[in-house]
1. Among the residues of the range 122-135 satisfying the criterion of being touching a strand residue (DSSP E or B) at 6+ places or on another chain (Cβ under 6 Å) and in a loop (DSSP other than H, G, I, E, B), which is surrounded by the fewest Cβ atoms within 10 Å (Cβ to Cβ)?
2. Scan the range 28-47 and give yes if some residue there is in a strand (DSSP E or B), modelled with pLDDT of 65 or more and either farther than 24 Å from residue 119 by Cα or in contact with a helix residue (DSSP H, G or I) (Cβ under 9 Å, 6 or more places away or on another chain) (or both), otherwise no.
3. Evaluate the range 305-318: report whether one residue or more is outside any loop (DSSP other than H, G, I, E, B), under 18 Å from residue 168 (Cβ atoms) and at pLDDT 85 or above.
4. Residue 290 is checked against (1) crowded, with 18+ Cβ neighbours inside 10 Å; (2) under 25 Å from residue 123 (Cα atoms); (3) modelled with pLDDT of 90 or more and fails just one. What number does that condition carry?
5. I'd like the residue in the range 205-220 that is in a strand (DSSP E or B) and farther than 19 Å from residue 170 by Cβ and, out of all such residues, is nearest to the chain's Cα centre (by Cα).
6. Does residue 68 count as in contact (Cβ under 8 Å) with a residue 24 or more places away in the chain, within 23 Å of residue 171 (Cβ to Cβ) and part of a strand (DSSP E or B)?
7. Any residue that is assigned to a loop (DSSP other than H, G, I, E, B) and at pLDDT 90 or above - is there at least one of those in the range 261-269?
8. Among the residues of the range 221-230, write down those that are outside any strand (DSSP E or B) and either at pLDDT below 95 or within 20 Å of residue 164 (Cβ to Cβ) (or both).
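The values are calculated or read from the model by the stated rules, or taken from the named source; none is laboratory data. Quick caveat, the model's predicted, so the values are computed rather than measured. Using ideal geometry, Cβ is built from the backbone for each residue, glycine included, and neighbour counts are taken over all protein chains shown.
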């Protein structure tokens with residue numbers, strides 16, 4: 001019986017090889033090999049269309065990139081993978097399916113910027129009061145109920161303060177971000193750094209003065225961050241970002257790995273086994289790259305920059321990874 005089963009498997013394998021050879025699909029198969037271990041799908045913002053070169057939403061799955069629609073930027077998957085929340089060009093947030101169709105349009109009192117899901121029903125977003133002058137405008141963190149449309153202010157920022165790298169812990173209890181303070185503010189209320197606040201807007205606290213590219217590990221007890229400075233603020237190796245895992249309770253750091261410093265919007269994969277980011281690795285344009293946590297393992301390029309005009313290449317950015325189907 002075992003011999004017969006083994007023979008049938010061999011026959012099937014040979015049949016597949018002959019089919020691939022006959023159809024000339026070897027290049028397609030080889031292109032897909034690096035991705036076999038990567039579950040799920042990515043969404044990202046890119047400029048890949050030639051006429052006109054608009055910023056648009058794209059989906060990557062099993063080595064293939066699919067266009068989902070124009071004017072859909074900074075996408076984030078809902079926890080159940082049902083929706084992709086995207087910022088619009090106005091005071092709206094779109095909830096989009098992975099087929100590109102808009103399921104729901106949510107009106108917001110202020111211009112929404114970066115977003116993160118708190119739960120399947122609620123979004124956290126940074127709102128900008130004056131869309132015409134986003135740099136100098138006052139900003140705040142808001143919670144938005146996607147069913148009722150109700151908006152609640154969680155944290156008001158002071159003049160000259162801004163938030164980048166906004167994310168919510170997987171358990172929905174804490175909000176993580178980097179607070180940036182303008183040099184023009186003479187007596188800032190708060191210092192620049194990595195901050196935590198409860199998801200109801202209470203108990204804001206500083207985690208670290210230095211660091212970039214913050215993201216949560218799936219246990220909601222540790223964060224990933226890149227450090228390019230020592231404790232005194234002196235720059236480390238400019239060519240690399242040193243990534244650390246920080247315990248949010250004890251403050252203890254453990255080194256994870258080095259990756260190139262020109263990665264942006266870095267995140268930890270939902271299963272905690274990878275770091276992924278938008279990368280300038282190719283020298284022209286930007287692409288989506290995945291790094292295994294083990295430093296000895298090399299990067300996997302998810303997308304390749306596309307030339308959209310003479311010597312002008314696509315910018316793949318703001319990736320978000322859902323590891324379900």
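1. As a first pass, look at the range 122-135 and keep what is touching a strand residue (DSSP E or B) at 6+ places or on another chain (Cβ under 6 Å): 122-128, 131, 134.
Retained after the next criterion (residues that are in a loop (DSSP other than H, G, I, E, B)): 131, 134.
On the way: 131: 15, 134: 13.
Selected residue: 134.
2. At the first step, the residues of the range 28-47 found to be in a strand (DSSP E or B) are 41-46.
Remaining after also requiring modelled with pLDDT of 65 or more: 41-46.
Subset that is either farther than 24 Å from residue 119 by Cα or in contact with a helix residue (DSSP H, G or I) (Cβ under 9 Å, 6 or more places away or on another chain) (or both): 46.
Yes, that holds for at least one residue.
3. So in the range 305-318, the residues outside any loop (DSSP other than H, G, I, E, B) come out as 307-309, 312-313, 315, 317-318.
The next check asks that each one be under 18 Å from residue 168 (Cβ atoms); those that pass are 318.
Subsequent filtering for residues that are at pLDDT 85 or above retains 318.
Yes: one or more hits.
4. Going through (1) crowded, with 18+ Cβ neighbours inside 10 Å; (2) under 25 Å from residue 123 (Cα atoms); (3) modelled with pLDDT of 90 or more one by one, residue 290 breaks only (2).
5. In the first step, residues of the range 205-220 are kept if they are in a strand (DSSP E or B); the result is 205-208, 212-216.
When the remaining residues are screened for being farther than 19 Å from residue 170 by Cβ, the result is 205-206, 208, 212.
Working: 205: 23, 206: 22, 208: 21, 212: 14 Å.
This residue is 212.
6. On the way: in contact (Cβ under 8 Å) with a residue 24 or more places away in the chain: yes; within 23 Å of residue 171 (Cβ to Cβ): no; part of a strand (DSSP E or B): yes.
It is false that residue 68 is in contact (Cβ under 8 Å) with a residue 24 or more places away in the chain, within 23 Å of residue 171 (Cβ to Cβ) and part of a strand (DSSP E or B).
7. Restricting attention to the range 261-269, the residues satisfying the condition of being assigned to a loop (DSSP other than H, G, I, E, B) are 261-262, 269.
Cutting the leftovers down to at pLDDT 90 or above gives us 269.
The answer is yes; a qualifying residue exists.
8. Step one: of the range 221-230, the residues outside any strand (DSSP E or B) are 221, 228, 230.
If the condition is that a residue be outside any strand (DSSP E or B) and either at pLDDT below 95 or within 20 Å of residue 164 (Cβ to Cβ) (or both), then 228, 230 are the ones that fit.
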